[in-house]
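Nothing in this text is a laboratory measurement; each read-out follows from the coordinates by a stated rule. Just so it is clear, the structure is predicted and the values come from calculations on it, not from any experiment. Cβ atoms come from the backbone with ideal geometry, glycine included; neighbour counts cover every protein chain shown.
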Ligand SMILES: *Cc1c(COP(=O)(O)O)cnc(C)c1O
């Protein structure tokens, strides 16, 4: 009997799948890395000490399967019961779990464009339909009336993802407009608040008010813990319990649980960093505008800007040659822009120097 060919053992859906493309993580020294929205400031000294103190013989044991300690602290932080929370291996894991829990094969996963480019991939992996609906002018959230009029939006979609504040545009949405849209949906709505600590407003209350709404948060960006992969969903206890049923038994590693819990004990440290990053964001935005960049107002730790004179893709390449990495998304609605992560003031200055060096005098 001949052995099977490798491709013949792979599901057609997986063979055809175009995977998510993360921003590059090159190991080049001296590179200014403004391409993946990582926080330029390290975790607090208390968090690092807690992680180090946990590195001992206990590593042979499984971690707490439900991240009980961390969920208890999240409950205190948000002022509700631990049953409203599920913790994941990054919020990405929970976004994937949501497709498995709420979407039958052939049902619809819905999202706006542009928004987080993982959502269509999650739909494809699951064999779901996907509905991608353009945002309104200047990346505004369309109103329910506008969506009804256009007739593309699916008010019965099994699962709708909304990035708020939005990525990659950086635009913030009000809780009132999000609530209107959530109330019009029949299926689950995930409000992905990955960047909310840099915004004026958050919509956490909707996770407790509306049974079909989940709010996604992450320790990666604002809390400098990308490396350890911890995120969470908040929502109705029964909906959260459904997600708990289908996750891996030990989905969150022990050091991640320790680090995230320690983070919640040292919030003033992080709030100082949010202030610094917002100040750098506003300064960099103003300085880029003076260089004729069209900078959109940002409620996040990155800015979305249309560079002057020649195409954004070319700018990205020229910046790379000057040892500055930024992100560029090759889709019609994003291709004229660069997404620039807010780093330290020193990094912002180096970025501006590179831009000035590229522009003709
Ligand atoms: C970074 C990001 C995430 C993923 O966060 P992790 O917790 O690191 O998995 C989710 N949603 C959006 C919009 C993001 O930008």
Once you wrap a convex hull around the alpha carbon atoms of the stretch 45-266, what is its projected area averaged over all directions, in nm²?
11.9 nm²
Relative contact order [Cα under 8 Å, 6+ residues apart], the stretch 87-194, whole percent:
28 percent
Would you mind telling me which residue in 15, 100, 229 has the biggest mean-square fluctuation in a Gaussian network model of the chain, where springs connect alpha carbons within a distance under 10 angstrom?
15
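Once R0 is set to 22 Å, what does the formula 1/(1 + (r/R0)^6) return for the Cβ-Cβ distance between residue 248 and residue 59, expressed as a FRET efficiency to the nearest 0.05?
Numbers: r = 18 Å, r/R0 = 0.83.
Plugging the Cβ-Cβ distance into 1/(1 + (r/R0)^6) gives 0.75.
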Looking only at 306, 247, 335, which one moves most when the chain is put into a Gaussian network model with springs between Cα atoms under 10 Å?
335
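What's the whole-number percent of alpha carbon pairs in the stretch 283-353 lying beyond 17 angstrom?
I get 37 percent for the Cα pairs in the stretch 283-353 exceeding 17 Å.
Could you work out the relative contact order of the stretch 45-266? I mean the mean sequence separation of Cα pairs under 8 Å and 6+ apart, divided by the number of residues, in percent.
Working: 399 pairs, mean separation 62.7, N = 222.
Contact order relative to length: 28 percent.
Taking 22 Å as R0, compute the FRET efficiency from the Cβ-Cβ separation of residue 80 and residue 184 and round it to 0.05. Write out the running numbers ahead of the final one.
Details: r = 25 Å, r/R0 = 1.13.
For R0 = 22 Å, the calculated efficiency reads 0.35.
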Report the extension gain between residue 27 and residue 344 in nm, rounded to one decimal, defined as 0.36 nm multiplied by the number of residues separating them, less their alpha carbon distance.
112.2 nm
Sorted by Cβ neighbour density within 10 Å, fewest at the top, the residues 85, 139, 274:
274, 139, 85
Testing the spin-label approximation: label points 7 Å from Cα along Cα→Cβ at residue 104 and residue 155. State their distance in nm.
2.2 nm
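How much mean residue ellipticity at 222 nm does the chain get from its helices, if each DSSP H run of length 4 or more adds -39500 (n - 2.57) and you divide by all residues, to the nearest 500 deg cm²/dmol? If you can, show how the numbers build up before the last one.
Values: 13 runs with 140 residues, N = 361.
Counting only the DSSP helices, I get -11500 deg cm²/dmol.
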Which FRET efficiency value, to the nearest 0.05, do you get for residue 138 and residue 18 by plugging their Cβ-Cβ distance into 1/(1 + (r/R0)^6) with R0 = 41 Å?
0.90
Determine, for 27, 221, 245, the number of other Cβ atoms within 10 Å of each Cβ, and report the residues in order from fewest to most.
27, 245, 221
Using Cα springs under 10 Å in a Gaussian network model of the chain, which residue among 211, 26, 308 shows the largest mean-square fluctuation?
26
